[in-house]
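**Q** I am attaching a structure below and will ask some questions about it afterwards.
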Amino acid sequence: MDSPLFEDLGLSPNEAKIYEALITYGGSGVSTISLRAKVHRSNAYDSLHRLIEKGLVYEVFGQRETLYEAVDPGKFLEFLQEKERRLQVALPGLLQKFQRQRSPERAYIFKGPEGVKNYLREILKCGSDVYSLAAKGAWFDPQVLPFTQWFLKEAKKKGIKYHHIFDHEVRDALPHLLKAVGKPYKFLPKEFSTDSTMDIFGDHVVTFHGLELGKLADDVTIFVMVSPGLAESMRTWWKCLWEQLPSR
């Protein structure tokens, strides 16, 4: 059933059911549509008129009753493209408002795989190199892998480089990860492996724990600290540790 998709694209539950019924069975009258979509007739009538207003359904007038036909589903792409154009026009002003009210020092939390995506977006916004400590390849968890692949391409366009100090186990367990992120990287001694990691970029310090090699916990909590001074100090300590570690 495609109804959840149509709801994600902005239709109400009844509108989604009716639109799906129309593209599945073809045009028909209100009574037939109501039965096929399993929507009460009075609600079906109201939903049809909202779909007409949205340009997704049109009326075919006949001698006995009015029939309703669905418009090509490609219409949804037009909606999305128009929304994207409107957002692009409004975005500079929105970002100015957003930045004006942000404190230069703040802390907040992201949760779960979607939270990981949020903090990766922060990396792209900062556009600065990333310094990772005790990295374990969590970006390559299947839950976020498609997003990670997109992120790496975008980061490359922006010239963002990664400097990784990996946990010892990554060397043998995740060679594909090393190839994907590229050098420079080093490894912690085996006895210093943990289930936590830290990323430093721009004025951000991001920490989270409960990780396994290449795997995220479903309820992972990502702690984000934004502080120019703290980030610079952490970067300095990271570089100190880097100098002490042997090259591969």
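The values are calculated or read from the model by the stated rules, or taken from the named source; none is laboratory data. These numbers were taken from a predicted model, which means no experiment stands behind them. Virtual Cβ from ideal backbone geometry, glycine too; neighbours counted across all protein chains shown.
**Q** Of the residues Y45, Y68, which is among the hydroxyl-bearing types (S, T, Y), in contact (Cβ under 8 Å) with a residue 40 or more places away in the chain and closer than 20 Å to Y25 by Cβ?
**A** Among Y45, Y68, only Y68 is among the hydroxyl-bearing types (S, T, Y), in contact (Cβ under 8 Å) with a residue 40 or more places away in the chain and closer than 20 Å to Y25 by Cβ.
**Q** In segment 127-143, how many are over 15 Å from L213 (Cβ atoms) and buried (at least 17 other Cβ atoms within 10 Å of the Cβ)?
**A** Matching residues across segment 127-143 total 4.
**Q** Would you call I23 at pLDDT 90 or above, of a type in the set (A, V, I, L, M, F, W, C), surrounded by fewer than 22 Cβ atoms within 10 Å (Cβ to Cβ) and within 24 Å of F61 (Cα to Cα)?
**A** Considered against the rule, which asks whether it is at pLDDT 90 or above, of a type in the set (A, V, I, L, M, F, W, C), surrounded by fewer than 22 Cβ atoms within 10 Å (Cβ to Cβ) and within 24 Å of F61 (Cα to Cα), I23 comes out as yes.
**Q** Looking at S34, is it of a type in the set (S, T, N, Q), assigned to a helix (DSSP H, G or I) and free of Cβ contacts under 8 Å to residues at least 12 places away in the same chain?
**A** yes
**Q** Oh, and also: Taking segment 187-214 as the search range and keeping residues that are assigned to a loop (DSSP other than H, G, I, E, B) and hydroxyl-bearing (S, T, Y), which one is surrounded by the fewest Cβ atoms within 10 Å (Cβ to Cβ)?
**A** T194
**Q** If a residue must be closer than 18 Å to L211 by Cβ and of a type outside the set (V, I, T), how many such residues does segment 152-188 contain?
**A** Within segment 152-188, residues that are closer than 18 Å to L211 by Cβ and of a type outside the set (V, I, T) number 17.
**Q** Can you tell me which residue within segment 146-186, out of those that are aromatic (F, W, Y) and either outside the structural domain of V116 (by TED's automatic domain parsing) or within 18 Å of the chain's Cα centre (by Cα) (or both), is surrounded by the most Cβ atoms within 10 Å (Cβ to Cβ)?
**A** Looking at the filtered set, the residue picked out is F151.
**Q** Here are the criteria: (1) under 15 Å from D129 (Cα atoms); (2) part of a loop (DSSP other than H, G, I, E, B); (3) of a type outside the set (D, E, K, R); (4) in contact with an Asp or Glu (Cβ under 8 Å, 6 or more places away or on another chain). Tell me which single one G159 does not satisfy.
**A** So G159 meets the others, but not (4).
**Q** Within segment 60-111, can you find the residues that are part of a strand (DSSP E or B), touching a Gly at 6+ places or on another chain (Cβ under 9 Å) and not hydroxyl-bearing (S, T, Y)?
**A** V60, L67, E69, A70, I109
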